[in-house]
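Enquirer: Got a structure here, written out as structure tokens. Questions coming.
The values are calculated or read from the model by the stated rules, or taken from the named source; none is laboratory data. Everything numeric in this text was worked out from a predicted model, so none of it was measured. Neighbour counts are summed over all protein chains in view; Cβ atoms, including those assigned to glycine, are modelled from backbone coordinates with ideal geometry.
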Amino acid sequence: MLYREAGDYKTSYEADSQTFPIAFDRYRYWFVLAVAFLVLPFLVNDYVVNALLLPFLIYSIAAIGLNILTGYTGQVSLGTGGFMAVGAYACYKLMTAFPDVNILIHVLLAGGITAIVGTLFGLPSLRIKGFYLAVATLAAQFFLVWLFNKVAWFYNYSASGQISAPERFVFGVAVTGPNTPAWASYLVCLVFVTFCALIARNLTRGALGRQWMAIRDMDIAAEIIGVNPLKAKLTAFAVSSFFVGISGALFFAVYLGAVEVGEAFGINKSFLVLFMIIIGGLGSIFGAFAGAAFLVTLPVFLKLIGVDLLGWPTDLVAHLQLVVVGLLIMFFLVKEPHGLAQLWRVAKEKLRLWPFPH
Amino acid sequence: MSEVQTGYVTEDGRQIGDVMLDLRAITLRFGGVEAIKNISFDIREGEIRAIIGPNGAGKSSMLNVISGFYVPQEGEVWFHGKKRPPVKPFQVARQGIARTFQNIALFEGMSVLDNIMTGRLNYTKSGMLAQAIWKGKAEREETENRERVERVIDFLEIQAIRKTPVGRLPYGLKKRVELARALAAEPKLLLLDEPMAGMNVEEKEDMSRFILDVNDEFGTTIALIEHDMGVVMDLSDRVVVMDYGKKIGDGTPDEVRNNQDVIDAYLGVAHDE
Amino acid sequence: MPADFYYGIEVVLNGLMAGVMYALVALGFVLIFKASGIFNFAQGVMALFAALTLVGIMEGQVPFAHLINATFGTEIHHFGWHVPALLAILLTVGVMVIFAWAVQRFLFRHLVGQEPIILFMATIGLAYFLEGVGDLMWGSNIKTLALGLPQGGARWIEDATAGLGGDDFYGFFIDKLDLVATLVAIVLVAGLIAFSQYTKHGRAMRAVADDHQAALSVGISLNFIWILVWSLAGFVALVAGVMWGAKSGVQFSLSLIALKALPVLMLGGFTSIPGAIVGGLIIGVGEKLFEFLVGPMVGGATENWFAYVLALLFLVFRPQGLFGEKIIERV
């Protein structure tokens, strides 16, 4: 009886449709938030933040975004890297054009700009379905990366073709640039993750989320019962790109500090985020976190075992990593198409009955 | 409309109203195949109207025309006395026409409750931002929709499976959930495409009772396609008979039963075509 | 005629040659998609893997040498022999057949009846896996493929066309390798068509492509057909890999041509072999011409995206592709 829902009665429909209907989940959620905001900032060091926490948080936002489009609305996108680049470059242009405006607002605006671009590239989804659309999103991926590479205005005509984030402050503490303390960059990303996850959760449990899922499960029937496919798909593209844009902006400004578009936001980034939601669980916010955590820690873990423990050369471990990731993707699609999130649900079911499973 | 419409009184004493939906000379082609040939009939307010005919007669295509999924090459659809311009299916749904499907079209990835809640989409007015914050109007709407949906759930006696994923339900219950989703939209006109296909006698009785109750309690106009003649004759007020895309009969169950063309079609007299 | 016009023609000719290469990869996609409805994203990596394997076998490399050395502290790299090209090709075909069997046995047998998009994502996983295995087996350094295929510009074409566009025009430059690739592609397509039209297994293959259940009911083994189709696709991948590998070295970027084959398919339709060829030619000519005419104005490298954007625009107006059938949606 470690985990229970018996006796947890609901007396109103509001209570029944809240984010965590089971009291135990609710407590755990507040506990995790409290630790993340109040305890971790005092414990973390540079290595943990840069190798694990920042990529985890930032990829979580991207994965939530892609999950809304792919997991909830059923529109597979291979353009995530391109849209992250839009967020990054929008953020860079805003930061350099309006140095006095708060960086947090720039990041949000970068998300907004990405949402507009994403909606634009989402227009073909009204006529193209399934993997035709997946291939069509490659157009966004390659075109956007090319654009940021070739049009010098986007990188302010810098000689290297790179963009690098100038130093910006929040409450007097540097959050971008070389003098940023680890805990500050961590907290900025955490704030955005919390914000994005809450919005995503609210949207997916409400009317809009049902429209998305209806389109995903059976688009023709959805339209006949009154879902406007244009609106449903385009809002999914917009919301998804908003999140992806924010993650791109953070990835550039807070995490890397300087990026070259082809390297940071190439097609492999699109696949990485897609893999996160497959492994984590399609159509689940928790899955986005789980998948991001898994694929961020996997290389660190493999390196620890392979390079540090066994003394293998790094390129060998990198190849091995490809094999492992590929195997995992196939494994999850065969055994558990709903990913880690489903494993977690099954574990909870078992816990609920434990120790009397019959 | 210029002509005066009058209703009639059914055998069991229900008052039937004016013409709600009027189909005029509908012709529908797929490439060279004429699925529907120049068919006209009407559906009156409060009526239970059946469309029958052998397989491939064009019945489902007819429903698809009504719900805007197929656009007929010729003919007009009049709804509530107005000629309907070319519309998208979701706009038809918003005018108050809901339906079920011959091969169940539920959203398999969602729970029963969420499936039925999709029926309320046309009553959701709050914008994306409001929903993102989940406060005020969005939350009120959600709760109100939920109350309506719970009423439908009670009515169809599916309380126990509320939170079950639809994919796990047996066939008969799926059919019922699909009906619930259509009812949640509080339609003026309900289209049922073979609501009893593949059911056993008991399930058919249940479903017949629900259909009669819906018509009786909510005054919903119903058009249904069904193969079980017993059910059709018992339930419906008027029957349209189709064969090879043509209308071969139209009238009360008794009239249709005695129509020579209908008897020929069902007993298989040689066609001249 | 102005020289620019002839330069334009040269661009078109080279585009056609590049298109043949795209078509070769697209062909493998079509084979698998027709028979099993699987959109095989791994086709490009299969080409890379096949080419790597061919080079490895020819040069007598020890498979997984890198891994073995790292694990046991040994220093083995080569068996010390060289395998003749023809035998190596046969052995590589054998490897691809084993691969086809394994894919069927361990992956797609467990995914029967899944949605196409799930199958698609599974092949993305397969692509990663195969790429990793290829690197582990043969190493990730760039390899040259020495099959003795002719290389360099075809002099006789150059000589015959020199001076067409004025004294400064040196004649059309066409790589001999491209000519060979075109010939090979023609032979390959003819062979495939002959196979599917005139042999028992070919007919069974077409039956499966038409209707799985009906094919099952007349006693065709789906499993066998799928392995056959994947083997054929593996063979096509080998041919494509050899051609591309001979042109620009066997390296990772080879697997990226698979991405280029995707817009080809979107133009040509996923189920049409002529479509794959015509689509390949259109994309090849289109991107070369676009780069020639518009590229200089926008900073070049438009080949990176032109194909996708063209396919995207095309699809918006004709979602079923050039040769695909119009889909009537039903409820």
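Enquirer: Out of all the residues in segment A:141-163, is one or more more than 9 Å from chain C (Cβ to nearest Cβ), crowded, with 22+ Cβ neighbours inside 10 Å, of a type in the set (V, I, T) and over 30 Å from A:A15 (Cα atoms)?
Expert: Yes, because at least one residue in segment A:141-163 is more than 9 Å from chain C (Cβ to nearest Cβ), crowded, with 22+ Cβ neighbours inside 10 Å, of a type in the set (V, I, T) and over 30 Å from A:A15 (Cα atoms).
Enquirer: Out of C:L31, C:L54, C:L24, report the one residue that is modelled with pLDDT under 85, more than 21 Å from C:G125 (Cβ to Cβ), under 18 Å from the mean Cα position of the chain (by Cα) and buried (at least 24 other Cβ atoms within 10 Å of the Cβ). Let's see the steps before the verdict.
Expert: Numbers: C:L31 fails: more than 21 Å from C:G125 (Cβ to Cβ); C:L54 fails: modelled with pLDDT under 85.
Matching residue, one of C:L31, C:L54, C:L24: C:L24.
Enquirer: Is there a residue being more than 10 Å from chain A (Cβ to nearest Cβ), more than 23 Å from B:G219 (Cβ to Cβ) and crowded, with 17+ Cβ neighbours inside 10 Å anywhere in segment B:39-47?
Expert: So the first thing to find is which residues in segment B:39-47 are more than 10 Å from chain A (Cβ to nearest Cβ), and the list is B:39-47.
From what is left, the residues that are more than 23 Å from B:G219 (Cβ to Cβ) are B:39-40.
Those still in the list that are crowded, with 17+ Cβ neighbours inside 10 Å too: B:39.
Yes, the conditions are met somewhere in segment B:39-47.
Enquirer: Among the listed residues B:V214, B:V241, B:V177, which satisfies the condition of being among the β-branched types (V, I, T) and touching a Gly at 6+ places or on another chain (Cβ under 8 Å)? If you could, list the steps in order and put the result at the bottom.
Expert: Numbers: B:V214 fails: touching a Gly at 6+ places or on another chain (Cβ under 8 Å); B:V177 fails: touching a Gly at 6+ places or on another chain (Cβ under 8 Å).
From the options B:V214, B:V241, B:V177, the qualifying one is B:V241.
Enquirer: Another one. Could you please find all residues in segment C:68-100 being of a type outside the set (D, E, K, R), touching a helix residue (DSSP H, G or I) at 6+ places or on another chain (Cβ under 7 Å) and closer than 18 Å to A:L316 by Cβ?
Expert: If we filter segment C:68-100 for residues that are of a type outside the set (D, E, K, R), which is where we start, we get C:68-74, C:76-100.
When the remaining residues are screened for being touching a helix residue (DSSP H, G or I) at 6+ places or on another chain (Cβ under 7 Å), the result is C:70, C:74, C:76-77, C:82-83, C:85, C:88-89, C:91-93, C:95-97, C:99-100.
Listed by number, the residues that qualify are C:A70, C:T74, C:I76, C:H77.
Enquirer: While we're here: Within segment B:44-76, which residues are in contact with a Ser or Thr (Cβ under 6 Å, 6 or more places away or on another chain) and hydrophobic (A, V, I, L, M, F, W, C)?
Expert: Result: B:I48, B:A50.
Enquirer: So for segment C:132-139 (the condition being modelled with pLDDT of 90 or more and hydrophobic (A, V, I, L, M, F, W, C)), does at least one residue qualify?
Expert: yes
Enquirer: How many residues does segment C:185-197 hold that are surrounded by 15 or more Cβ atoms within 10 Å (Cβ to Cβ) and in contact (Cβ under 8 Å) with a residue 60 or more places away in the chain?
Expert: Total meeting the criteria: 4.
Enquirer: Further question on the same structure: Among the residues of segment A:297-305, are any within 26 Å of C:V103 (Cα to Cα), out of contact with any helix residue (DSSP H, G or I) (no Cβ under 8 Å at 6 or more places or on another chain) and either among the small types (G, A, S) or within 14 Å of another protein chain (Cβ to nearest Cβ) (or both)? If you could, list the steps in order and put the result at the bottom.
Expert: Step one: filter segment A:297-305 for residues within 26 Å of C:V103 (Cα to Cα), giving A:298-299, A:302.
Keeping just the survivors that are out of contact with any helix residue (DSSP H, G or I) (no Cβ under 8 Å at 6 or more places or on another chain) gives none.
Looking for residues that are within 26 Å of C:V103 (Cα to Cα), out of contact with any helix residue (DSSP H, G or I) (no Cβ under 8 Å at 6 or more places or on another chain) and either among the small types (G, A, S) or within 14 Å of another protein chain (Cβ to nearest Cβ) (or both), one finds none in segment A:297-305, hence no.
Enquirer: Which residue pairs have Cβ atoms closer than 8 Å, lie 6 or more positions apart in sequence or on different chains, and pair a first residue in segment A:192-221 that is more than 8 Å from chain B (Cβ to nearest Cβ) with a second residue that is charged (D, E, K, R)?
Expert: Matching pairs, first to second residue: A:I215/A:K233; A:D219/A:K129.
Enquirer: Moving to a separate point now. Could you tell me whether any residue of segment A:282-292 is within 10 Å of chain C (Cβ to nearest Cβ) and either aromatic (F, W, Y) or free of Cβ contacts under 8 Å to residues at least 40 places away in the same chain (or both)?
Expert: Going residue by residue through segment A:282-292, those that are within 10 Å of chain C (Cβ to nearest Cβ) are A:282.
Subset that is either aromatic (F, W, Y) or free of Cβ contacts under 8 Å to residues at least 40 places away in the same chain (or both): none.
No, that holds for no residue.
Enquirer: Tell me which residues, restricted to segment C:93-121, are touching a residue at least 60 places away in the same chain (Cβ under 8 Å) and under 23 Å from A:F131 (Cα atoms).
Expert: C:A100, C:V103, C:Q104, C:F108, C:R109, C:P116, C:L119, C:F120
Enquirer: Right, another one. Quick check on segment B:109-124: of everything there that is assigned to a helix (DSSP H, G or I) and not polar (S, T, N, Q), which residue is farthest from the other protein chains (Cβ to nearest Cβ)?
Expert: Result: B:V112.
Enquirer: Only one of these conditions is not met by A:V323: (1) over 22 Å from the mean Cα position of the chain (by Cα); (2) modelled with pLDDT under 90. Which number is it?
Expert: If we test A:V323 against (1) over 22 Å from the mean Cα position of the chain (by Cα); (2) modelled with pLDDT under 90, just (2) comes out false.
Enquirer: In addition: Check segment B:169-190 and report whether any residue there is of a type in the set (S, T, Y) and within 14 Å of chain A (Cβ to nearest Cβ).
Expert: Taking segment B:169-190 as the starting set, the residues that turn out to be of a type in the set (S, T, Y) are B:171.
Filter once more, so that each one left must be within 14 Å of chain A (Cβ to nearest Cβ): none.
Among the residues of segment B:169-190, not one is of a type in the set (S, T, Y) and within 14 Å of chain A (Cβ to nearest Cβ), which makes the answer no.
Matching residues to (1) among the acidic types (D, E); (2) more than 26 Å from C:L222 (Cβ to Cβ); (3) within 14 Å of another protein chain (Cβ to nearest Cβ); (4) not in a helix (DSSP H, G or I):
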| residue | (1), (2), (3), (4) |
| --- | --- |
| C:G8 | no, yes, no, no |
| C:M17 | no, yes, no, no |
| C:F29 | no, no, yes, no |
| C:A35 | no, no, no, no |
| C:G44 | no, no, yes, no |
| C:L54 | no, yes, no, no |
| C:A70 | no, yes, yes, no |
| C:W81 | no, yes, no, yes |
| C:L87 | no, yes, no, no |
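Enquirer: Mind checking which pairs have a first residue in segment A:89-111 that is farther than 26 Å from A:K150 by Cβ and a second that is among the polar types (S, T, N, Q), Cβ under 7 Å, 6 or more apart or different chains?
Expert: Cβ pairs passing all conditions: A:I103/A:T176.
Enquirer: Another question, if that's okay. Test each condition in (1) under 21 Å from the mean Cα position of the chain (by Cα); (2) more than 14 Å from chain C (Cβ to nearest Cβ); (3) within 26 Å of B:G109 (Cβ to Cβ) for A:K348 and report the one that comes out false.
Expert: Of everything listed in (1) under 21 Å from the mean Cα position of the chain (by Cα); (2) more than 14 Å from chain C (Cβ to nearest Cβ); (3) within 26 Å of B:G109 (Cβ to Cβ), A:K348 misses just condition (1).
Enquirer: Could you please let me know if C:K288 is within 12 Å of chain A (Cβ to nearest Cβ), assigned to a helix (DSSP H, G or I), surrounded by 20 or more Cβ atoms within 10 Å (Cβ to Cβ) and charged (D, E, K, R)? Full working, then the answer.
Expert: Details: within 12 Å of chain A (Cβ to nearest Cβ): no; assigned to a helix (DSSP H, G or I): yes; surrounded by 20 or more Cβ atoms within 10 Å (Cβ to Cβ): yes; charged (D, E, K, R): yes.
In short, no.
Enquirer: Kindly provide the set of residues from segment A:49-83 that are of a type in the set (A, V, I, L, M, F, W, C) and either free of Cβ contacts under 8 Å to residues at least 40 places away in the same chain or more than 23 Å from A:Y186 (Cα to Cα) (or both), ordered by number. So that I can check it myself, show each step before the final result.
Expert: From segment A:49-83, those of a type in the set (A, V, I, L, M, F, W, C) are A:49, A:51-54, A:56-58, A:61-64, A:66, A:68-69, A:76, A:78, A:83; that's our starting set.
Across segment A:49-83, the qualifying residues are A:I68, A:L69, A:V76, A:L78.
Enquirer: Of everything in segment B:1-44 that's modelled with pLDDT of 90 or more and of a type in the set (S, T, Y), which residue is nearest to the chain's Cα centre (by Cα)?
Expert: B:S40
Enquirer: Something else: Please indicate, with yes or no, whether at least one residue in segment C:248-270 is of a type in the set (S, T, Y), crowded, with 19+ Cβ neighbours inside 10 Å and more than 10 Å from the chain's Cα centre (by Cα).
Expert: Narrowing segment C:248-270 to residues of a type in the set (S, T, Y): C:248, C:253, C:255.
This time we only want the ones that are crowded, with 19+ Cβ neighbours inside 10 Å, so: C:255.
Applying the additional criterion that residues be more than 10 Å from the chain's Cα centre (by Cα) yields none.
Looking for residues that are of a type in the set (S, T, Y), crowded, with 19+ Cβ neighbours inside 10 Å and more than 10 Å from the chain's Cα centre (by Cα), one finds none in segment C:248-270, hence no.
Enquirer: Moving to a separate point now. Is it the case, given these coordinates, that B:S60 is of a type in the set (S, T, Y), in contact (Cβ under 8 Å) with a residue 40 or more places away in the chain and surrounded by fewer than 15 Cβ atoms within 10 Å (Cβ to Cβ)?
Expert: Numbers: of a type in the set (S, T, Y): yes; in contact (Cβ under 8 Å) with a residue 40 or more places away in the chain: yes; surrounded by fewer than 15 Cβ atoms within 10 Å (Cβ to Cβ): no.
Criteria not met by B:S60.
Enquirer: Checking the condition more than 11 Å from chain A (Cβ to nearest Cβ), within 14 Å of the chain's Cα centre (by Cα) and surrounded by fewer than 21 Cβ atoms within 10 Å (Cβ to Cβ), which residue from B:Q95, B:Q102 passes? Please lay out each step first, then the result.
Expert: Details: B:Q95 fails: more than 11 Å from chain A (Cβ to nearest Cβ).
That would be B:Q102, the only listed residue that is more than 11 Å from chain A (Cβ to nearest Cβ), within 14 Å of the chain's Cα centre (by Cα) and surrounded by fewer than 21 Cβ atoms within 10 Å (Cβ to Cβ).
Enquirer: Name, by its number, the condition in (1) more than 30 Å from C:I38 (Cα to Cα); (2) within 12 Å of chain C (Cβ to nearest Cβ) that does not hold for A:V135.
Expert: Exception for A:V135: condition (1).
Enquirer: Between a residue in segment A:260-275 that is more than 13 Å from chain C (Cβ to nearest Cβ) and any residue that is of a type outside the set (V, I, T), which pairs come within a Cβ distance under 6 Å, given they are 6 or more apart or on different chains?
Expert: Sorted first by the residue in segment A:260-275, then by its partner, the pairs are A:E260/A:Q162; A:F265/A:G81; A:F265/A:M84; A:F265/A:A85; A:K269/A:G81.
Enquirer: Looking at segment B:67-83, which of its residues are within 14 Å of another protein chain (Cβ to nearest Cβ) and on the phi > 0 side of the Ramachandran plot?
Expert: B:G68, the sole residue that qualifies.
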